[in-house]
1. Which log10 I(q)/I(0) values does region 32-104 give at q = 0.11, 0.23 Å⁻¹ under the Debye formula, counting every alpha carbon as one identical point scatterer?
2. Calculate how large, on average over all directions, the projected area of the Cα convex hull of region 314-398 is; give the answer in nm² to one decimal.
3. Over the heavy atoms of Lys110, what accessible area does a 1.4 Å probe trace out, to the nearest 10 Å²?
4. State, in angstrom, two size descriptors of region 261-330 derived from its alpha carbons: Rg to one decimal place and Dmax to the nearest whole number.
5. Just round it to a whole percent: the fraction of Cα-Cα distances in region 356-410 exceeding 18 Å.
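The values are calculated or read from the model by the stated rules, or taken from the named source; none is laboratory data. The structure presented is a predicted model; accordingly, all values stated were derived computationally and were not measured. Side chains included, ligands, DNA and RNA excluded: accessible areas come from the protein's heavy atoms. Shrake-Rupley method; radii C 1.70, N 1.55, O 1.52, S 1.80 Å.
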Amino acid sequence: MADRPENRVFGRKEPQHIIILASGDRIRHMTVRPWMLAVAFCFAGMFTVGYLAATSYLVLRDGLIGATMARQARMQHDYEDRISALRAQVDRVTSRQLLDQQVVEEKVEKLFQQQLALTERNGKLDTLLNRAGDAGLSGTAEPELQPAEPAYGRRAEAAPGLKAIDRLLGRSTAAAAPRQASAAALAYAAPGESVADRTDRMFSKVTLSLKDIERQQLSRITSLTAGAAETADAIERILARNDIAVPAEGGTEAAGDAIGGPFVEPETGDGFETSLGQLDTALNRLELMRGTVRRLPFANPSPGSQVSSRFGNRTDPFLGRLALHAGIDFRLPVGSAVQATGSGTVVTAGRTGGYGNLVEIDHGSGLSTRYAHLSRVLVKAGDTVDAGETIGLSGSTGRSTGPHLHYEVRRHGRASDPARFLSAGNKLSTYMN
């Protein structure tokens, strides 16, 4: 057991490696430690990896460059496609805006034409409304039309289109703030509603407003036409009861001026033009009726005077026997004014037998009136007189027992009862202007 060698390795420190460098008499040594070996190994590994990477890059760089270029080309194509899509979207939006602009302009033009048409209609109505007013007719209240500007600016979007509508309807700039507030309220009420939708709704409201004005105009025209026709019918019925035929409109004895011309086919018009024509016809007929009434002896020759003797058989005051009294006697003091009961032409003005001072007026349609026993005659034969015009002064000339007016109405030379004409005149006064 003493001969077995002793194991000296276990528990003994491993000897370190020493590098000895000699140069002449100078000797140097360097101990190689484990960490130095690790660093050297790392540097060697890094160098090897770098060498391999550089070698691989040199070998594969063409492929890498090609792949990079291909990737860049794909990215470029993607960007170009995206830009094309955005441009197409911009074009669609621009086209939509242009289309909306065109629609707004067309609607504004349509509203402008409607407003202009209403203004022109109002101008055409002026003459007829004045005639109707002079005739004592009244209809519904006339709608007031706002003046329309003859031009409006071009719009690039919906908001200027709304401003154009404001100018078209004559709205002042002071009303812009309430309108914008109203538009904001509408936008708040319908957040998904676009400007074009709000514009369409505003156009609809304006169109309905113009339609309402047009309906009011037509309603008033219809009312005036009905009133004129009703009045003319009432006058015609009263005249018919007195056996007076009214001349047809445009006849030789019509109240209006003579008319004529070559025949031309009528223009095709809308309901408004037809209504205007009907109103004009009704007013012409009413004027004809009233002109006929004014021309014929329906007035009182001495308003407010008492009748002392009526038409018909009576005892003659001079002979004491029955005789026909061909007129009506009005009790009047000497010098009282005597008025013509209708318009016409004086055919007799002077002393005529038992009539004394006589004025006879021809009223046309076979009717004439006589005013007798005048103290003074104020007209002469051939004069044209109007209804209500003073033609003489009452008296007691001729075959008379005292101051009075003897008044006769003759139809084709035959005496008619003046009381019928006076009664008809009282009824007609309701329908006269």
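1. -0.61, -0.97
2. Numbers: hull surface 22.8 nm².
Result: 5.7 nm².
3. Probe radius 1.4 Å; accessible area of Lys110 about 120 Å².
4. 24.7, 73
5. Numbers: 436 of 1485 pairs.
Every Cα pair in region 356-410 considered, those over 18 Å come to 29 percent.
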